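Undergrad: Just passing along the structure, written as structure tokens.
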Amino acid sequence: MCLYSICVIDFTILFFFFILGLLMRVALFFDGNNFYRSKDAYLEGMELDYDKLAKWVCTQVDASAEFVGAFYYTGVGAQSMLNRFLDGLELRRGYFVRRAPVIEKTLQCQACGTAHVIATEKRVDTQLVAEMVQMAARDQFDKAVLFSGDEDIVPAVQAVSSFGKQVYVASWGGRSLSSELRAYCFDEINLVEGVEHFFTGRRRCTTSGTPLEHLFSQLQEAWEYFQDRNGHVSRWYFENKWKPSGPCPPPGTGRQELLDSLIDQGMVEVFEISMNGRKVLALRPKR
């Protein structure tokens, strides 16, 4: 082999590694419950193609970005539908699911004596935060995209940024994104703009238009409204005082009965909070 050929081969190899080094490595981090609730508030019942979602988001960060993985964190109990979804997600290239336990306990309402099962996610946020910061410290990505609107993740964004990494936040817009979180992120990716690229064209089977669905939709809206104000949706307030922006059963007994049905179906969590020195039952919509 002549000297010229050797030089050309060496130059080609060097050029290849030079170009490889220029590619922006992008990692995606999903707060599963937060992402799903925000998505359903905008695209109720729509199914997403998560491969196409990852591809589209990466191109929004950098046209020639290298996708290095998507990490999906969520609490898991005995919800068979959620487990089936997660099992399928794990089979997709580059997706890694981090399951955290959901702890359940039973509380009895002192006013009416009704027993409610309360489900609480354990270690979801801390696991996401720890892994994102560790990967930044190990230089495993150049840019991260966070699928969450939770302001509690702000310290993690600051830590990742201190390693010279950029953090983007992917959002469905509206009240689902904390203004404080947006302020600390490098930029925002509006997922609404990319729906046509990763919407499958299918919808989940729902009882569209039923009073039960309307009530659940209003609970999602109430939850987002109070979360933006660092508050909670008390059960009594939602049943008797919440003023809906759309179709919804009237306050009182009608709402109470439908809400009990949502709780029995595992679509709503009931948990106890302290408000003005007394214990109050609060509500949280689930998947």
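Throughout, read-outs are computed from the coordinates displayed, never taken from laboratory work. All of these numbers come straight from a predicted model, not from anything done at the bench. All Cβ positions, even for glycine, are placed from backbone atoms using ideal geometry, and neighbour counts span all protein chains on display.
Undergrad: Taking R0 as 30 Å, what's the FRET efficiency between E90 and R182 from their Cβ-Cβ distance, rounded to 0.05?
TA: Efficiency, from the Cβ-Cβ distance: 0.50.
Undergrad: Summing Lys, Arg as +1 and Asp, Glu as -1, what charge do residues with Cβ under 9 Å from the Cβ of F198 carry, F198 excluded?
TA: Around F198, the surrounding residues sum to -1.
Undergrad: Another one. Relative contact order for segment 211-285: what percent, with Cα pairs under 8 Å and sequence separation of 6 or more?
TA: Result for segment 211-285 is 38 percent.
Undergrad: What is the fewest-to-most order of L43, L177 by other Cβ atoms lying within 10 Å of their Cβ?
TA: L43, L177
Undergrad: I'd like the FRET efficiency for A130 and Q265, computed as 1/(1 + (r/R0)^6) with the beta carbon distance as r and R0 of 35 Å, rounded to 0.05.
TA: Result of the calculation: an efficiency of 0.60.
Undergrad: Return the long-range amide H neighbours of C185 (sequence gap of 5 or more, or a different chain), with a cut-off of under 5 Å between placed amide H atoms.
TA: Long-range HN contacts for C185: none found.
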